[in-house]
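The values are calculated or read from the model by the stated rules, or taken from the named source; none is laboratory data. Every value quoted in this text rests on a predicted model; they were computed, and no experiment measured them. Heads up, the Cβs are rebuilt from the backbone with ideal geometry, glycines too, and the neighbour counts pull from every protein chain shown. When the accessible area is computed, the model is the full protein with side chains, heavy atoms only, and any ligands, DNA or RNA have been set aside. Shrake-Rupley method; radii C 1.70, N 1.55, O 1.52, S 1.80 Å.
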Protein chains: 4
Amino acid sequence: MTVPKPDPALVEKLVIANRILYDQGVVDGLGHVSVRHDAVPDLFLLSCNRAPALVVRDDIVCYDLDGDAVTETQERPYLERFIHSEIYRMRPDVVAVVHSHSPSVIPFGVTGNRLRPIYHMAGFLGSGSAHFEIRDTGGNTDMLIRNAGLGKALASSLGAQTCVLMRGHGSTVVGNSIEQVVYRAIYAEVNAKLQAQSLSMGSINYLTEKEARLAADANESQIGRSWNLWQRRVGTI
Amino acid sequence: MTVPKPDPALVEKLVIANRILYDQGVVDGLGHVSVRHDAVPDLFLLSCNRAPALVVRDDIVCYDLDGDAVTETQERPYLERFIHSEIYRMRPDVVAVVHSHSPSVIPFGVTGNRLRPIYHMAGFLGSGSAHFEIRDTGGNTDMLIRNAGLGKALASSLGAQTCVLMRGHGSTVVGNSIEQVVYRAIYAEVNAKLQAQSLSMGSINYLTEKEARLAADANESQIGRSWNLWQRRVGTI
Amino acid sequence: MTVPKPDPALVEKLVIANRILYDQGVVDGLGHVSVRHDAVPDLFLLSCNRAPALVVRDDIVCYDLDGDAVTETQERPYLERFIHSEIYRMRPDVVAVVHSHSPSVIPFGVTGNRLRPIYHMAGFLGSGSAHFEIRDTGGNTDMLIRNAGLGKALASSLGAQTCVLMRGHGSTVVGNSIEQVVYRAIYAEVNAKLQAQSLSMGSINYLTEKEARLAADANESQIGRSWNLWQRRVGTI
Amino acid sequence: MTVPKPDPALVEKLVIANRILYDQGVVDGLGHVSVRHDAVPDLFLLSCNRAPALVVRDDIVCYDLDGDAVTETQERPYLERFIHSEIYRMRPDVVAVVHSHSPSVIPFGVTGNRLRPIYHMAGFLGSGSAHFEIRDTGGNTDMLIRNAGLGKALASSLGAQTCVLMRGHGSTVVGNSIEQVVYRAIYAEVNAKLQAQSLSMGSINYLTEKEARLAADANESQIGRSWNLWQRRVGTI
């Protein structure tokens with residue numbers, strides 16, 4: 001099959017997103033961000049097996065929803081591309097996905113606490129994060145989402161939510177654009193840090209579900225302001 | 001009406017203040033700092049909708065106390081300019097205002113703890129920070145001070161104090177100059193971090209009200225030393 | 001005796017490892033990393049008494065398992081080279097050793113808590129870190145592993161494990177390559193930070209021993225990705 | 001009186017010490033470091049009222065033990081030069097003094113906890129830090145050591161120890177050289193951070209007094225290694 005070329009501006013934005021996620025402390029050498037192909041909804045774009053800070057245009061590969069590369073590449077793929085493929089399959093509304101080991105989020109997953117929105121910036125967390133326990137599907141594993149079955153199980157745990165904690169591993173957030181998913185990955189991490197600090201200081205007055213929804217809607221019009229800053233920090237590609 | 005031009009040195013200082021607040025970790029892509037017009041007390045200067053680190057001279061817009069721009073601009077305003085307009089209206093002594101989501105302060109707002117002065121640098125906190133609960137005025141909102149009514153409610157909660165915590169959102173500090181309000185925004189954040197750490201270690205011996213007042217007075221003559229450093233770090237504009 | 005020259009690429013990699021450990025916050029002015037000689041298993045390579053960030057090729061000295069330099073050098077040795085010599089003697093499988101005062105690990109040693117794997121990145125911790133109490137061998141000392149006897153005691157405490165906490169001092173990790181031991185030193189620190197945060201939030205669901213082993217195996221094929229990033233950050237030598 | 005010129009190398013080292021203390025996070029815009037005059041023990045060298053990161057050679061002023069400048073200067077002095085003058089008067093063994101608001105140390109002072117040595121790097125803390133309560137001498141003050149009387153009270157609280165916590169203010173450390181006092185200021189901060197973390201994790205096995213003394217002695221021969229690194233980071237002056 002001939003794969004239509006994705007919009008070059010989308011590829012460029014995906015490269016920038018990789019660098020922003022590193023610069024903002026969401027990913028280190030590991031973690032990845034993908035975006036759905038702008039012309040073929042059953043395809044998505046994701047870097048080859050590369051540290052996000054080092055990703056360049058030529059590293060971006062196009063995958064189908066079985067996690068198979070449909071553009072030529074000599075490079076190894078990420079083992080966990082099935083996180084992306086199965087979420088794109090199960091969630092037609094999702095346009096972009098970030099998987100990371102963002103540090104402040106890890107303690108929530110291993111202690112069974114949900115992320116809940118401390119402040120308006122994290123309104124996208126709504127009534128709280130989803131939780132994924134890989135043992136329920138895979139028993140004792142290497143913790144990686146290395147096949148479609150585990151990917152489906154993760155997507156099921158995510159359900160209709162924006163963020164799923166993966167016990168003993170990390171987390172995954174989804175969004176309707178690269179900018180939105182990067183925003184959510186950054187503020188999931190910030191919210192986790194603030195929520196943990198608040199937990200040690202007393203009872204927390206979280207956003208109500210309605211406050212969370214209204215704040216999430218309001219923030220949509222403001223993401224560009226932060227994106228400009230994040231992009232400026234990582235320079236042009 | 002013809003608006004007198006503000007002192008160019010004041011505009012320049014406001015731009016530098018924006019950059020300092022970013023460099024010192026008080027603001028990220030969001031947050032804003034304003035100053036009262038030096039010639040017309042019913043006007044104030046504030047950037048257009050821009051990340052503070054990226055603000056330049058031409059971004060500075062002059063607003064009246066209804067939050068309407070009185071200088072020509074094609075740029076969008078900050079949604080929350082009413083934080084500034086209503087505080088300037090209610091507090092003639094206030095010359096400069098900083099609104100931020102400064103991270104260490106957030107846990108205090110959501111757990112109902114007041115900031116109190118841990119050390120002389122935070123003497124300006126006096127007997128403690130004020131608290132603003134937006135639900136009391138607006139019920140379930142998007143948490144933003146997006147109109148004059150909410151701005152008035154926030155200014156009322158601030159009262160005669162220097163710092164007001166905004167539950168589920170951030171905080172606002174006021175001062176009698178750009179230098180002073182920047183100093184207060186930075187040390188409100190530092191004090192919050194130290195106070196939270198101290199709370200986990202035992203009973204805190206806070207500054208007395210008199211110690212706080214005397215320390216605040218003494219610090220006034222020393223702000224220039226820190227300002228020189230902060231300014232040097234962000235370079236010339 | 002004539003000492004065969006080590007592979008120049010190995011020496012270069014050891015220099016880079018020194019710089020990476022500083023850049024990643026594992027070592028400050030102190031701490032050291034060594035590698036077994038590629039041609040003579042009873043020898044190992046270690047810098048002279050130099051801060052890791054400043055180590056250059058000419059600083060690398062070759063030592064025997066008694067901790068005596070076998071290449072000419074005018075420089076002072078590290079007092080604690082016996083950490084390395086005695087581990088190489090007791091553990092033929094070990095190819096590289098890092099000793100550090102990596103900050104987040106210290107509180108575990110002084111409170112008698114073991115490091116245990118919070119997430120897949122720390123699978124190498126297996127069922128937990130070993131513990132070394134210098135008082136058991138040396139009584140009141142200056143805490144340093146400054147002779148072969150203390151080195152043997154430390155190596156005994158390490159046993160067959162990958163990481164030993166040294167009460168009131170720091171920790172030591174071992175690996176089968178420079179890349180692996182650097183990876184382990186970095187993620188021992190990260191895991192310690194996350195484990196401490198998790199302890200304050202509730203009961204921790206650690207990796208099982210089998211999950212830890214499987215994750216450690218899986219990570220082996222991914223270390224290169226992180227190494228590329230770490231190396232890029234410190235530049236060429 | 002004609003004041004003998006201090007050794008230019010000593011002045012240069014004092015300037016470098018100022019910059020190191022900023023680079024290492026011990027001081028921000030405030031705080032200061034002094035050294036006793038190499039030829040006249042009743043004099044000491046201290047910058048004029050300048051942020052430490054910005055101090056240059058010409059800022060160094062010579063003071064007598066009453067805190068009066070004995071070299072010509074048009075610049076304002078630090079208000080708290082009496083910290084230095086009175087410690088030099090009471091402690092002939094002291095050659096250098098650092099006063100700071102080093103952040104992790106503050107919570108100890110306000111909660112009445114002593115710093116105690118967590119690890120060998122902080123052996124200089126011996127059996128623990130001294131505590132200074134300014135209210136005992138001055139009642140309600142602005143917290144500053146702004147005259148000889150308060151300086152004497154502080155020096156008395158310090159006694160024969162190396163570090164004194166100043167409630168609601170900061171701390172002061174002393175040493176027998178610039179290198180040693182900088183080392184102590186840096187590791188008092190590191191130890192405070194580690195001690196606070198350890199306190200939240202269980203009962204702490206501190207260094208014994210003998211371990212602390214032996215470790216402090218051993219570290220003396222290693223300070224140069226760290227100093228080389230610190231100096232390299234701040235560049236030449």
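Does residue A:195 qualify as being farther than 22 Å from residue A:105 by Cβ and either touching a Ser or Thr at 6+ places or on another chain (Cβ under 7 Å) or in contact (Cβ under 8 Å) with a residue 40 or more places away in the chain (or both)?
Here the answer is no, as residue A:195 does not meet what is asked.
What residue, of D:156, D:171, D:221, D:200, is free of Cβ contacts under 8 Å to residues at least 24 places away in the same chain and within 24 Å of residue B:119 (Cα to Cα)?
Of the residues listed, the single one that is free of Cβ contacts under 8 Å to residues at least 24 places away in the same chain and within 24 Å of residue B:119 (Cα to Cα) is D:200.
Could you check the stretch B:172-191 and list, in sequence order, the residues that are open to solvent by 10 Å² or more (accessible area, probe 1.4 Å) and not in a helix (DSSP H, G or I)?
B:176, B:177
For the stretch D:46-90, name all the residues that are among the small types (Gly, Ala, Ser) and more than 11 Å from every other protein chain (Cβ to nearest Cβ).
Of everything in the stretch D:46-90, those that are among the small types (Gly, Ala, Ser) and more than 11 Å from every other protein chain (Cβ to nearest Cβ) turn out to be D:67, D:69, D:85.
So which of B:139, B:126 is without any contact (Cβ under 8 Å) to a residue 24 or more places away in the chain and more than 17 Å from residue B:26 (Cα to Cα)?
Answer to the selection: B:139.
Conditions first: (1) modelled with pLDDT under 95; (2) open to solvent by less than 10 Å² (accessible area, probe 1.4 Å). Residue D:46 passes all but one, so which condition is the exception?
Failed condition: (1).
Among the residues of the stretch C:183-203, write down those that are at the interface with chain A (Cβ under 8 Å from one of its Cβ atoms) and among the hydroxyl-bearing types (Ser, Thr, Tyr).
C:198, C:200, C:203
Taking the stretch C:204-216 only, how many residues are more than 7 Å from chain A (Cβ to nearest Cβ) and either open to solvent by less than 20 Å² (accessible area, probe 1.4 Å) or not in a loop (DSSP other than H, G, I, E, B) (or both)?
4
Of the conditions (1) open to solvent by 10 Å² or more (accessible area, probe 1.4 Å); (2) closer than 30 Å to residue C:196 by Cβ; (3) in contact (Cβ under 8 Å) with a residue 40 or more places away in the chain, residue A:115 clears all except one; give me its number.
(1)
Please verify whether the stretch D:221-235 includes one or more residues that are open to solvent by 20 Å² or more (accessible area, probe 1.4 Å), in a helix (DSSP H, G or I), within 16 Å of residue D:129 (Cβ to Cβ) and at pLDDT 95 or above.
no
Based on what the data block shows, is residue D:98 open to solvent by less than 10 Å² (accessible area, probe 1.4 Å), touching a residue at least 60 places away in the same chain (Cβ under 8 Å), more than 7 Å from every other protein chain (Cβ to nearest Cβ) and in contact with a Lys or Arg (Cβ under 8 Å, 6 or more places away or on another chain)?
So residue D:98 fits the description; yes.
Quick test of your reading of the structure: residue D:180 fulfils all but one of (1) more than 9 Å from chain C (Cβ to nearest Cβ); (2) at pLDDT below 95. Name the failing condition by number.
Condition not satisfied by residue D:180: (2).
For residue C:121, are the conditions met, namely being modelled with pLDDT of 95 or more and open to solvent by 20 Å² or more (accessible area, probe 1.4 Å)?
Judged against the criteria, residue C:121 is not a match.
Of the residues that sit in the stretch D:108-153 and are more than 16 Å from the chain's Cα centre (by Cα) and among the β-branched types (Val, Ile, Thr), which one is farthest from the other protein chains (Cβ to nearest Cβ)?
Looking at the filtered set, the residue picked out is D:137.
Go through the residues of the stretch A:52-69 one by one and say whether even a single one is more than 23 Å from residue A:17 (Cβ to Cβ), open to solvent by less than 10 Å² (accessible area, probe 1.4 Å), free of Cβ contacts under 8 Å to residues at least 40 places away in the same chain and of a type outside the set (Asp, Glu).
Checked the stretch A:52-69: no residue is more than 23 Å from residue A:17 (Cβ to Cβ), open to solvent by less than 10 Å² (accessible area, probe 1.4 Å), free of Cβ contacts under 8 Å to residues at least 40 places away in the same chain and of a type outside the set (Asp, Glu).
Going residue by residue through the stretch D:218-235, is there one that turns out to be in contact with a His (Cβ under 9 Å, 6 or more places away or on another chain) and at the interface with chain C (Cβ under 9 Å from one of its Cβ atoms)?
yes
Could you tell me whether residue A:194 is outside any loop (DSSP other than H, G, I, E, B), open to solvent by less than 30 Å² (accessible area, probe 1.4 Å) and within 29 Å of residue C:220 (Cα to Cα)?
For residue A:194, the condition - outside any loop (DSSP other than H, G, I, E, B), open to solvent by less than 30 Å² (accessible area, probe 1.4 Å) and within 29 Å of residue C:220 (Cα to Cα) - is not met.
What tally of residues in the stretch D:1-24 results from selecting those that are in a loop (DSSP other than H, G, I, E, B) and open to solvent by 40 Å² or more (accessible area, probe 1.4 Å)?
Total meeting the criteria: 6.
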